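First comes the structure, then the notes that go with it.
The values are calculated or read from the model by the stated rules, or taken from the named source; none is laboratory data. Not measured: the values here are computed from a predicted model. Cβ atoms come from the backbone with ideal geometry, glycine included; neighbour counts cover every protein chain shown.
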Amino acid sequence: MNKKLLCAALLSGLAVAQTASAQDFDDRWYLTTSAGFNIQDGSRGTRPAPFGTLGFGKFISDKWSLDGEFNYQNPHFENQDIIRTPFARAGDLNWSQYGVSIDLRRHFIAEGRNWNPYVLAGLGYQRSEEEFDAFPSVNSPGQREDGNLAGKIGLGLQGDLGRVGIRTELAYRLDADDSSVNAADESWFGDVLASVGFIVPLGPEPSEPVAEAPAPPPAPNCADKDSDGDGVNDCIDKCPNSQAGEAIGPDGCKVQISIDLKGVNFDFDKATLRPDAVSILNEAVEILKRYPDLRVEVAGHTDLCGNDGYNQSLSQRRSDTVYNYLTSNGIDAGRLAGPNGYGESRPLVATGQTLPECKNETNRRTELNVQ
């Protein structure tokens, strides 16, 4: 067989092997050693011989392993009882063979099965040291040394013995040795290799990944709760019994909302509308018409001048004035609460209760408080 053809065939065979997708597997380096029987190619004229190997390798995926291996065998020639020279019998002549190879194995592993088959393909270098009859030379026997490309294919079984593994293997090796003296007409030899070997992993056995306990659910957070549905979370809600739809402040408590009637003020000790107040009330009328579901309280207030009873009566008259203006301009009385007078009890500006400090126009007002 031509050396170039042998090389191309072996390289093609290795090229089609594709490593499997990454999964959990034992990727420790391991040592290998094996012993077996080398059934020699008959063209050599040598007897079958024992052989041994030593190497190391590792799994490169869950289905593929790659090994580097050294081998040695020292077969003798046949017809050991026939005297060929005055110096040696043919059976005493050796044809030592040793070499290295890179072997790729495809393992067919099944869950729960201790023994799993595999196929292999290898490529390497094989060296020969062939003794031959050089009579009548005084240096007989002579020796021929040569190295050649070698390839290997085979199959086997791999088992697990616990701390170590075991392989039984049958392979066919093609040795592209074309310079033999004893078999000068041959350009290559094919040997059958039957062996049993051991695999010794290096380093501690990988441990199973420990599944992490699921994280406990997060504790309820008051910031995520709104028990009374008022739009204010429970962490800052100071009035947890308020109801949705009420006017609620940022602290969760009900607040008084009023339609701004700034400018609807009264002259001192008067309950009649001034011209500037009429335009403000007209805006309030438009707001109430635009929002027909809005309901308001009409509330009147005074400044702090005068006695409480008089101011209560004055504030009532002022709220009556605004109430009557709204109803006379199309606002249904059913939407208006009051009119209510609060006298001087709710001033917007704190003043003295004597003249002239008590005269404050801001406090003399009427409000529309949203209900």
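Picking from residues in region 190-227 that are among the β-branched types (Val, Ile, Thr) and surrounded by 12 or more Cβ atoms within 10 Å (Cβ to Cβ), the one that is nearest to Asp67 (Cα to Cα) is Ile199. Contact map, region 219-238: first residue assigned to a helix (DSSP H, G or I), second residue at pLDDT 75 or above, Cβ cut-off under 6 Å, separation 6 or more or different chains; pairs are Cys222/Asp234; Cys222/Cys235; Ala223/Asn233; Ala223/Cys235. Here is the figure for region 119-175: residues that are of a type in the set (A, V, I, L, M, F, W, C) and in contact with a Lys or Arg (Cβ under 9 Å, 6 or more places away or on another chain) total 12. Looking at region 271-286, which of its residues are out of contact with any strand residue (DSSP E or B) (no Cβ under 6 Å at 6 or more places or on another chain), over 13 Å from Asn324 (Cα atoms) and among the aliphatic types (A, V, I, L, M)? Selection gives Ala277, Ile280.
For (1) of a type outside the set (Ser, Thr, Tyr); (2) assigned by TED's automatic domain parsing to the domain that holds Leu288; (3) closer than 23 Å to Ser279 by Cβ; (4) in contact with a His (Cβ under 9 Å, 6 or more places away or on another chain), each residue gets a yes or a no:
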position	(1), (2), (3), (4)
His301	yes, yes, yes, no
Asn307	yes, yes, no, no
Ser319	no, yes, yes, yes
Asn324	yes, yes, yes, no
Gly330	yes, yes, yes, no
Asn340	yes, yes, no, no
Glu361	yes, yes, yes, no
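I need every pair where a residue in region 140-160 that is assigned by TED's automatic domain parsing to the domain that holds Ser65 and under 23 Å from Asp62 (Cβ atoms) has its Cβ under 7 Å from the Cβ of a residue that is assigned to a strand (DSSP E or B) and among the acidic types (Asp, Glu), sequence separation at least 6 or different chains. Pairs found: Gly154/Glu169; Gly156/Glu169. Here is the figure for region 137-176: residues that are out of contact with any helix residue (DSSP H, G or I) (no Cβ under 9 Å at 6 or more places or on another chain) and either modelled with pLDDT of 90 or more or of a type in the set (Asp, Glu) (or both) total 22.
Of all positions in region 258-271, none carries a residue that is at pLDDT 85 or above, of a type outside the set (Phe, Trp, Tyr) and under 30 Å from Glu357 (Cα atoms).
Counting only residues that are of a type in the set (Phe, Trp, Tyr) and not in a loop (DSSP other than H, G, I, E, B), which one in region 117-148 is farthest from Ala183 (Cα to Cα)? Among those residues, the one meeting the criterion is Tyr118.
For (1) surrounded by fewer than 14 Cβ atoms within 10 Å (Cβ to Cβ); (2) within 60 Å of the chain's Cα centre (by Cα); (3) of a type in the set (Lys, Arg), each residue gets a yes or a no:
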| residue | (1), (2), (3) |
| --- | --- |
| Asp303 | no, no, no |
| Gln312 | no, no, no |
| Tyr325 | no, no, no |
| Glu357 | yes, no, no |
| Asn369 | no, yes, no |
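For the structure I just gave you, tell me whether Gly330 is under 18 Å from Val285 (Cβ atoms), surrounded by fewer than 13 Cβ atoms within 10 Å (Cβ to Cβ) and touching a helix residue (DSSP H, G or I) at 6+ places or on another chain (Cβ under 8 Å). For Gly330, the condition - under 18 Å from Val285 (Cβ atoms), surrounded by fewer than 13 Cβ atoms within 10 Å (Cβ to Cβ) and touching a helix residue (DSSP H, G or I) at 6+ places or on another chain (Cβ under 8 Å) - is met.
Taken together, the residues in region 168-189 that are surrounded by fewer than 18 Cβ atoms within 10 Å (Cβ to Cβ), in contact (Cβ under 8 Å) with a residue 60 or more places away in the chain and in contact with a strand residue (DSSP E or B) (Cβ under 8 Å, 6 or more places away or on another chain) amount to 1. Suppose the filter is surrounded by 13 or more Cβ atoms within 10 Å (Cβ to Cβ) and in contact (Cβ under 8 Å) with a residue 40 or more places away in the chain; does Asp133 pass it? For Asp133, the condition - surrounded by 13 or more Cβ atoms within 10 Å (Cβ to Cβ) and in contact (Cβ under 8 Å) with a residue 40 or more places away in the chain - is met.
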